[in-house]
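Engineer: My structure is below; once you've seen it, I'll send some questions.
Please treat every number below as a calculation from the coordinates, not as lab data. Predicted, not measured: the structure shown is a model, and the values here were computed from it. Cβ atoms come from the backbone with ideal geometry, glycine included; neighbour counts cover every protein chain shown.
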Amino acid sequence: MGCQASKAAIVNEIEGDGQAFLDKYAVDRVLGEGEFGIVKLVHEKRLDGSDGPALACKILRKGSQFKHNTLYSAIKPKVLKVECKILRTLEGKHHNLRLIAVYESPSIIYILTDQCSGGDMFHYVADNYEGSGLRTEDISRISFQLFDAVSHCAKYGIIHRDIKPENIMFESSVKGSPLRLIDFGSGTMSSDEDVIEDSSPVPCEQANGDILSLFTTFAGSAFYISPEMFQRTYTCKTDVWSAGVTIYVLVAGYPSKELQAAFNQLQNSKTPNERIAQLKALPNMPDMPATFFEMLEQALIYRHKKRMDAKSLLNCEFIKFHKEHDEEEEGQPMNRTESTVVTGAASRHIQMRLYAQYERSISSLIASILSRSNLQKLMGKIDELIASSPKDHLEIQDVGDTGKTSEQLEQAANKTRLQIVCVRELQSIMQELGFNDVMKLVKEQSHGMHYDDYAYHVAKLRQFYTYQEEDGSNSPSVPKINGPDPMDNSMTRKLKKVMDAHDEKDTITKTAAEESPSYNMPCNSVHGNNIWDTIKKNKPAGSQSLSTMKRVTSTPALNQMF
């Protein structure tokens, strides 16, 4: 049941209406479901009665919808226009997602793209390389394809602004499958006035004499964000930085147990020689060829004016290695790069998938059980902890009148930027506030795994607030949130508004985010498991009545997002 109504046309260039879509394509099974609609497998109809190649079709409802006890806000026309405009400009070339067609009826939009059945980077590596391990030529190939996609974007003045493993999909599940850069909903385009948010991007001269457009709108996912994005003065080279961090995660896994330390090291400005030594010391960084670190250092130069652009990085020895390796006899050294196995990467990607499942589960659990006022208390304590000074003992002379060293000040800023606490700290805060029943349920969700030292992303819980409405009015239930401004990324765009019940004591107005893709098996809950069944089985005596809890409904995660 829905409450959508006929809406004005959103997309400028379409291939036809809803009936034209149904006349041309045969609709197959559901691939996934999101807050705005569903993704289905479709095939083009042929005159001989056979089906054409499999495609992915995102079927979006224009108006607000009420389903699964959840009110989904209407899709924002500007986000959809920007995404379609960018995808049409890129034409699916150079490892970017291909937009095939758009159909629009008064109430539904059909967006067809290539199907990426190999999953995102975490899934792809975990499924294909657990036994054999990643090899240097595999990493070289993936690095080449990612920077090739970024270079093609830069050619047209397009900035993705949310490059991360979740937004890198693979065409198929076989080894060596090409990748596709997806989800341009946070993107911008300097050459199109209908796309850019900044009133007039200013020119910015680079160290090599190139002139790039300078932007100021904040967007992205914190761990992958460039230093200049945090300063809100960036160019297309911000995507180079994000791609560099993504390649680090490719070989080392997502450093959940040492996330703040890794972020601090990445955000530190060093000279080239010091920088390479610092990159080698990143958490879980495996033994890699010198050419790999040279490439990574060029992608992660702190000052963006001196950073290599994506096109130049394609000429790095390590990035070209996979081509040379394919042309030479196996085992033959190519200059300074050899074909070797990189151990541990696949297993760490599997661990990441399991922890991401746990993290989403406990976020849903906490927001489902706590009353509005108690959730505000919890978030207030978390914000206080994040705002506190780092406890690192540094033997550096204090500077200024702050009583803190320059490195401590930088680490304090990084702590605010990253917005994490460890799971143990989260449990300690709940215990301090007397939320013992909730804390017990949180511990039970680990199923014997030890996640106490893992980084908990506060954004996953913060999303359960009702955000400020577009007209500027604030909901009375929204507390003041410390830290950086809300980001425009693939997580915060996928918010679903949950209906507020009449009794404030037992319910909470909240928005739940669906981070795509889900780190779980296909067609599973966005929260990773059936959290509601777990609560019912383990409900402690004296806890809030299950009948009064506002259920956060499990919905299958989208298998493919833009």
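Engineer: Could you grab the relative contact order for the stretch 102-183? Cα pairs under 8 Å, six or more apart, rounded to a whole percent.
Structural biologist: Rounded, it is 40 percent for the stretch 102-183.
Engineer: Would you mind calculating the gained length between GLU444 and LYS311 on full extension (0.36 nm times residue separation, minus the Cα-Cα distance), in nm to one decimal?
Structural biologist: So the extension gain works out to 43.0 nm.
Engineer: Right, another one. What percentages, rounded to whole numbers, describe P(r) for the stretch 18-114 computed over all alpha carbon pairs with 5 Å bin width beginning at zero?
Structural biologist: 3, 12, 21, 23, 21, 13, 6, 2, 0
Engineer: In addition: Over the stretch 121-343, what relative contact order in percent results from Cα pairs under 8 Å that are six or more residues apart?
Structural biologist: Computed value for the stretch 121-343: 25 percent relative contact order.
Engineer: Work out, in µm²/s and without decimals, the Stokes-Einstein translational diffusion coefficient of the stretch 230-287 at 37 °C, 0.692 mPa s, Rh from Kirkwood over C-alpha pairs.
Structural biologist: Stokes-Einstein gives a translational diffusion coefficient of 267 µm²/s.
Engineer: Right, here's the next one. Find which of THR217, GLY187, GLY131 sits farthest along the positive direction of the dipole of the stretch 121-343, computed with +1 on the beta-carbon of Lys and Arg, -1 on that of Asp and Glu, about the Cα centre.
Structural biologist: THR217
Engineer: Under the 0.36 nm per residue contour assumption, what length would be gained going from the current alpha-carbon distance of GLU410 and ASP452 to full extension?
Structural biologist: Extra length available between GLU410 and ASP452 comes to 12.6 nm.
Engineer: Say R0 is 51 Å: what FRET efficiency, to the nearest 0.05, do ASP287 and SER172 get from their beta-carbon distance?
Structural biologist: Once rounded, the FRET efficiency stands at 0.95.
Engineer: Rg and Dmax in Å for the stretch 121-343, alpha carbons only: what are they?
Structural biologist: Rg, Dmax (Cα atoms, Å): 17.1, 55.
Engineer: Next question. State, in angstrom, two size descriptors of the stretch 75-223 derived from its alpha carbons: Rg to one decimal place and Dmax to the nearest whole number.
Structural biologist: 16.9, 52
Engineer: Let me ask another. With 10 angstrom as the radius, rank ASP48, ASP309, ASP127 by how many other C-beta atoms surround their C-beta, starting from the fewest.
Structural biologist: The fewest-first ordering by Cβ neighbours comes to ASP48, ASP127, ASP309.
Engineer: Separation between the ALA54 and LYS280 pseudo-spin-labels, each 7 Å from Cα along Cα→Cβ, expressed in nm?
Structural biologist: Placing both labels 7 Å along Cα→Cβ, they lie 4.5 nm apart.
Engineer: For ARG46 paired with GLU324, estimate the spin-label separation in nm (one decimal), with each label point 7 Å from Cα along the Cα-to-Cβ line.
Structural biologist: Inter-label distance under the simple model: 4.3 nm.
Engineer: Now for a different question. Could you list ARG303, ARG135 so that the one with the fewest beta carbons within 10 Å of its beta carbon is first and the one with the most is last? Before the final figure, lay out each step's value.
Structural biologist: Numbers: ARG303 11, ARG135 18.
Least to most surrounded, the residues fall as ARG303, ARG135.
Engineer: Next up: Per 0.36 nm of contour for each residue apart, how much would the distance between ASN12 and LYS270 grow if the chain were fully extended, relative to their Cα-Cα spacing?
Structural biologist: 88.2 nm
Engineer: Rank the residues MET169, MET449, MET379 as a footprinting-exposure proxy: fewest other Cβ atoms within 10 Å of their Cβ go first.
Structural biologist: On the way: MET169 28, MET449 12, MET379 21.
Least crowded to most crowded, the residues run MET449, MET379, MET169.
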